[in-house]
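The values are calculated or read from the model by the stated rules, or taken from the named source; none is laboratory data. Just so it is clear, the model here is predicted, and its values are computed rather than measured. We place every Cβ from the backbone using ideal geometry, glycine too, and count neighbours over all the protein chains shown.
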């Protein structure tokens, strides 16, 4: 059998691919958050940033978007497969020891949070990337016409239910990242009793940074024109 195919069929191979795809997605979240912080600099700055990413750098950004889409689909599919394999290996439920309850507690939520995040992406990406649900108005700077993403964000988050939906999503994402970052790194070999405690703390800190940042921006937008 071809070694690559054999690796992909193995449990270790699937877990490592899941970890690698997860790290790619986790890195994107940080970049996306940094970009969204540009909202605090006002409409012209943020709209020009959006134009840079969606038009000026289109030949680079579009392939990256397909890469991220592939990573997300792979991560989700492998996650369900690994979860099914783990359950098949332990057909009978058993009591969880106190020393392992936290880790297993997070693991139990991974599938549910993954499904919810898929629903969120199906709302978020078509809305702000493709104007599916609500088209952003147009604005012109220095003779260049571009989408007014800043105004669209304000208009969308002025709806309290819309903002609540986003904040609720980040709560799910927090649980997913807190366990997922550590698990992904361990699958790729960063696993040793001497630093697993620090790795766990770093995963929690990263989850709080990402989810707290996105949630804070959502609430800030709501406060600008919410009710």
Evaluation of residue 205 against (1) within 17 Å of the chain's Cα centre (by Cα); (2) surrounded by 14 or more Cβ atoms within 10 Å (Cβ to Cβ) (one fails), failing number:
(2)
Which fully enclosed helices (runs of 4 or more DSSP H) of the range 1-76 have 3 or more residues being touching a residue at least 24 places away in the same chain (Cβ under 8 Å)?
11-36, 43-51
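Can you find even one residue in the range 79-91 that is without any contact (Cβ under 8 Å) to a residue 60 or more places away in the chain, buried (at least 16 other Cβ atoms within 10 Å of the Cβ) and assigned to a helix (DSSP H, G or I)? Spell out how you get there, then give the answer.
Residues of the range 79-91 without any contact (Cβ under 8 Å) to a residue 60 or more places away in the chain: 80, 83-84, 86-91.
Of the ones still in play, those that are also buried (at least 16 other Cβ atoms within 10 Å of the Cβ) are none.
No, the range 79-91 contains no residue that is without any contact (Cβ under 8 Å) to a residue 60 or more places away in the chain, buried (at least 16 other Cβ atoms within 10 Å of the Cβ) and assigned to a helix (DSSP H, G or I).
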Identify the single condition in (1) more than 25 Å from residue 113 (Cα to Cα); (2) part of a helix (DSSP H, G or I); (3) modelled with pLDDT under 95 that residue 171 does not satisfy, given that it satisfies every other one.
(1)
Residue 134 vs. criteria more than 24 Å from residue 200 (Cα to Cα) and either assigned to a loop (DSSP other than H, G, I, E, B) or touching a strand residue (DSSP E or B) at 6+ places or on another chain (Cβ under 6 Å) (or both):
yes
Number of the exception - residue 140 against (1) modelled with pLDDT of 95 or more; (2) in a helix (DSSP H, G or I)
(2)
Pairs where the first residue, in the range 200-227, is on the phi < 0 side of the Ramachandran plot and the second is outside any helix (DSSP H, G or I) and surrounded by 13 or more Cβ atoms within 10 Å (Cβ to Cβ), C-beta under 6 Å, 6+ apart:
225/158; 226/158
Return the residues of the range 143-159 that are closer than 23 Å to residue 65 by Cα and outside any helix (DSSP H, G or I); say none if nothing qualifies.
146, 147, 148
Starting from the range 104-127, keep only residues that are at negative phi and part of a helix (DSSP H, G or I), then list their pairs with residues that are modelled with pLDDT of 90 or more and exposed (fewer than 14 other Cβ atoms within 10 Å of the Cβ) whose Cβ atoms are within a distance under 8 Å, requiring at least 6 positions of separation or different chains.
126/132
May I ask you to say which residue of 224, 182 is surrounded by fewer than 16 Cβ atoms within 10 Å (Cβ to Cβ), part of a helix (DSSP H, G or I) and in contact with a helix residue (DSSP H, G or I) (Cβ under 6 Å, 6 or more places away or on another chain)?
224
